[in-house]
Amino acid sequence: MQRHRHQEFIRFLNQIERDVTKGKAIHVILDNYCTHKPSKERAWLVRHPRSTFHFIPTSSSWLNAVEGYFAKLTRRRLKHGVFHSVIDLQAAINRFIAEHNTTEAKPFVWRANPDDIIAARNRGFQALASPR
């Protein structure tokens with residue numbers, strides 16, 4: 001969407017709600033961007049109990065990878081480009097994605113052991129709960 005306000009976010013959530021088969025759980029992974037946190041979004045969640053929001057940490061390596069991809073897009077295709085319309089801009093972005101997927105993209109392989117992650121989380125909770 002052209003704008004990134006809470007109204008557009010709610011519209012996006014409603015589209016997901018319509019498109020996902022009834023009875024299936026919906027898990028939405030979000031960054032900590034303020035658009036995702038206002039009371040309208042919390043009220044939407046109450047009305048749509050099959051949806052759950054998961055907020056990733058600000059310093060998340062996954063988020064860093066996404067930001068790196070957008071930085072590459074900006075450097076290689078957008079920074080010095082001249083776009084006479086939104087359609088021209090979208091076409092340039094789509095060409096970049098197609099080229100990147102053909103020449104550079106690699107599937108992500110999860111290598112972390114889930115038990116190690118859960119143990120680290122539990123140690124963090126213990127550290128937070130202990131008096132200092």
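Observations, loosely collected:
- Considering only alpha-carbon pairs that sit under 8 angstrom and 6 or more positions apart, the relative contact order computed for the range 1-55 is 44 percent.
- Answer label for P(r) over Cα pairs in 10 Å bins from 0, in percent (calculated), chosen among (i) 12, 37, 36, 14, 1; (ii) 9, 25, 33, 26, 7, 1, 0; (iii) 13, 48, 33, 5, 0: (ii)
- Residues whose amide H comes within less than 5 Å of that of PHE55, counting only those at least five positions distant or on another chain, are LEU30 (H built at 1.01 Å from N in the peptide plane).
- Angle between the chain longest axis and helix 86-103 axis [Cα atoms, degrees, rounded to 10]: 70 degrees
- Förster radius 41 Å - calculated FRET efficiency between ASP116 and GLU17 (Cβ-Cβ, nearest 0.05): 0.70
- The charge dipole of the chain, taken about its Cα centre with unit charges on the Cβ of Lys, Arg, Asp and Glu (plus for the first two, minus for the last two), comes to roughly 260 debye.
The numbers here are math on the coordinates, done by the rules we state, and not lab data. Computed from a prediction, not measured in an experiment: that's the story for all the values here. Please note: Cβ atoms are built from the backbone with ideal geometry, for glycine as well, and neighbour counts cover all protein chains shown.
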